[in-house]
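The structure appears below as structure tokens.
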Amino acid sequence: MSKLLNPSRRTNITVGWLLLLPSAVLLVAFTHYPALATFWHSAFSTPKGIRPARFIGFDQYRAMADDPVFWTALVNNLWYAAGTIVPAIALAMLMALWVNGKLAGRGFLRLAFFTPTVLPMIAVANIWLFFYTPSYGLLDQIRGLFGLSAYNWLGSPDTVLWCLMFVSVWKDAGFFMIFYLAALQQMPPELREAAELEGASRWQIFRRVTFPLLMPTTLFVFVNAVVNAFRLVDHIVVMTRGGPDNASNLLLYYIYETGFKFWDSGYAAALTVVLLMILALVALLQFTVLERRTHYQ
Amino acid sequence: MQHSRTDYWLNSAGAWLLGVLWVLPLLYAMWSAFHPSEYSANFTLSAPWTLDNFRAAWAAAPFPQYFLNTFLLVTSILIGQLVLCTLGAYAFARFPFPGSNVVFGLVLVQLLVMPDIVIVENYRSLHWLGMSDSIAAMALPYMASAFGIFLLRQTFKSLPRELEEAARIEGCGPLGVLWRVYVPLAKPTYVAYALVSVSYHWNNFLWPLIVSNSVNTRPLTVGLAVFSGTDQGIDWAIINAATLFAAAPLLIAFLLFQRQFVQSFLRAGIR
């Protein structure tokens, strides 16, 4: 190796830091500082008019424990995560298997499944809003064909969360499909051929060969899906605004409402701390799971 | 082979059913936008075609301004990201210093703690900087992107060092090597990253919603939400026409560059 390629340690440090400086400043300003400041500010009251913020310790968290809306939003969000992650991943896998094989109209299908990914959530939320409109919307028109009466899908606490979950699955499945498609295309065909020679059925091949080999992708997609489930609020703003009676209120939406509609920044900070804790848990999961993944290989 | 034939047709039918369900919302928006509003929920094949809804939507809201704002937002974020991520990735790939792994870990924190999670604090900071209601405020938190740094670092690391050696012997400094060797060779990664970034920020909503509160800064997504949120007798045909405005540029780009789009997502997805 020439001397030119082995710059001294000191040059490395200087050049490295100089190159990193702009990114580092912005990352600290908009990721690390706000994450830490959230903890700090959650220990203060919200300044109002002439009354400045004062230190109140854990009072925000005590208020949170007694806040039924917080608990509703948290439970809703857990249901929302549970109800969107598994169907989206299962559909994504199925879609990828389909468009990876030899089906009639494969080009159209790839296009169709991926379309929701490139559409703005706000735009499609408008369209879904129409689908769910009582009596006039598409869903009720189909019900009408079977002689069923009109139903207020988004206005009823029993169905509103399901309706939003359906939109999320529709939006996410095609995106996750891409990752499975990548994994399927990198899979060595010999394994499959060997299994076919042994006389394994399609289902057996899927269960014993394909599915296990897709496991690393599934873990990656799963972590993404969890983060998504706690971060997606766009369609709530358009379709329900958390209603009726908070039946479709989720954590980030509640933070948004608290911080920017009620202007209660102290309480919003405490709520953000909860969300950060959940994300830290996801990170921990990802870390341990990725650790295990390397053992497998 | 009778068995596998039915198998094939069943799978095809299932795939097509799901495919149609997946494009249905878009097909509906098109139907409704191109027909008079009395046909919005009435699917008569003989319904007359019209462009009036597009005209009405265009006249009812400042869409040219929204388009301009989105365009400025997306391009300024992209330019910022390309420059900053290139420099950062180069540092991690070729100038490792003691503790640079820890610093890299700190960068990756952004993959989870994205600016739209810590909205309250970020709003506070930008307000303190006197930057609220500006496109710069919408763009700034996203310019340093952990994903971009990660992606480019992987690419830079995989490039042969002999090329760098040759450039150094020719008298290139660190920036010269970056500009003449690394950047040109990483072009496919840049294309992939640019597509992901543009589609993400074209569609982004919550952070721009919070930062913008005037027509001069609102991007398309926020403008659309304001437009359809005015509850004065919802005219679905006009809302759907506006919806197509907001979705059209990306949708057309997607239809034209479908293969590249999907491949770039494939590439960008592999971490």
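The values are calculated or read from the model by the stated rules, or taken from the named source; none is laboratory data. Note that the coordinates shown come from a computational prediction; the quantities given were computed from them, not determined experimentally. As a convention, Cβ positions derive from the backbone with ideal geometry for all residues, glycine included, and neighbour counts pool all protein chains shown. Accessible surface is based on the protein model in full, side chains and every heavy atom, while ligands, DNA and RNA are left aside. Shrake-Rupley method; radii C 1.70, N 1.55, O 1.52, S 1.80 Å.
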**Message:** Please go through region A:185-210 and give me each residue that is open to solvent by 20 Å² or more (accessible area, probe 1.4 Å) and touching a residue at least 40 places away in the same chain (Cβ under 8 Å), ordered by number.
**Reply:** A:185, A:206
**Request:** Output the number of the condition that residue A:289 fails; it satisfies all remaining conditions of (1) open to solvent by 10 Å² or more (accessible area, probe 1.4 Å); (2) of a type outside the set (Phe, Trp, Tyr); (3) in contact with a His (Cβ under 8 Å, 6 or more places away or on another chain).
**Result:** (3)
**Message:** Just checking: which of the helices (runs of 4 or more DSSP H) contained wholly in region A:194-297 hold 1 or more residues that are under 30 Å from residue A:126 (Cα atoms)?
**Reply:** A:215-229, A:234-239, A:251-260, A:265-296
**Message:** Against the conditions (1) within 30 Å of residue B:123 (Cβ to Cβ); (2) surrounded by 16 or more Cβ atoms within 10 Å (Cβ to Cβ); (3) modelled with pLDDT under 85, where does residue A:243 fall short? Just the number, please.
**Reply:** (2)
**Request:** Could you list all residues from region B:83-118 that are within 7 Å of chain A (Cβ to nearest Cβ) and of a type in the set (S, T, N, Q)?
**Result:** B:100, B:110
**Request:** Could you tell me which numbered condition residue A:162 fails, if it satisfies all but one of (1) surrounded by fewer than 23 Cβ atoms within 10 Å (Cβ to Cβ); (2) part of a helix (DSSP H, G or I); (3) without any contact (Cβ under 8 Å) to a residue 24 or more places away in the chain?
**Result:** (3)
**Message:** Looking at the structure I just gave you, is residue B:212 without any contact (Cβ under 8 Å) to a residue 60 or more places away in the chain and open to solvent by less than 60 Å² (accessible area, probe 1.4 Å)?
**Reply:** no
**Request:** For region A:117-139, name all the residues that are in a helix (DSSP H, G or I), more than 7 Å from chain B (Cβ to nearest Cβ) and in contact (Cβ under 8 Å) with a residue 12 or more places away in the chain.
**Result:** A:117, A:125, A:129, A:139
**Item:** Of residues in region B:179-209 being touching a Cys at 6+ places or on another chain (Cβ under 9 Å) and open to solvent by less than 50 Å² (accessible area, probe 1.4 Å), the one nearest to residue B:120 (Cα to Cα)
**Value:** B:193
**Unmet requirement for residue A:142, which otherwise passes all of (1) away from chain B (no Cβ under 12 Å); (2) open to solvent by 60 Å² or more (accessible area, probe 1.4 Å)** = (1)
**Prompt:** residue A:252 passes all but one of (1) over 14 Å from the mean Cα position of the chain (by Cα); (2) closer than 30 Å to residue A:52 by Cβ; (3) without any contact (Cβ under 8 Å) to a residue 40 or more places away in the chain; which number fails?
**Reply:** (1)
**Request:** Only one of these is more than 8 Å from every other protein chain (Cβ to nearest Cβ) and surrounded by fewer than 20 Cβ atoms within 10 Å (Cβ to Cβ): A:104, A:82, A:73. Name it.
**Result:** A:82
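Yes/no per residue for (1) at pLDDT 85 or above; (2) under 21 Å from residue B:105 (Cα atoms); (3) facing chain B (nearest Cβ under 7 Å); (4) in a helix (DSSP H, G or I):
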position: A:12; (1), (2), (3), (4): no, yes, yes, yes
position: A:23; (1), (2), (3), (4): yes, yes, yes, yes
position: A:29; (1), (2), (3), (4): yes, yes, yes, yes
position: A:33; (1), (2), (3), (4): yes, yes, no, yes
position: A:38; (1), (2), (3), (4): yes, yes, yes, yes
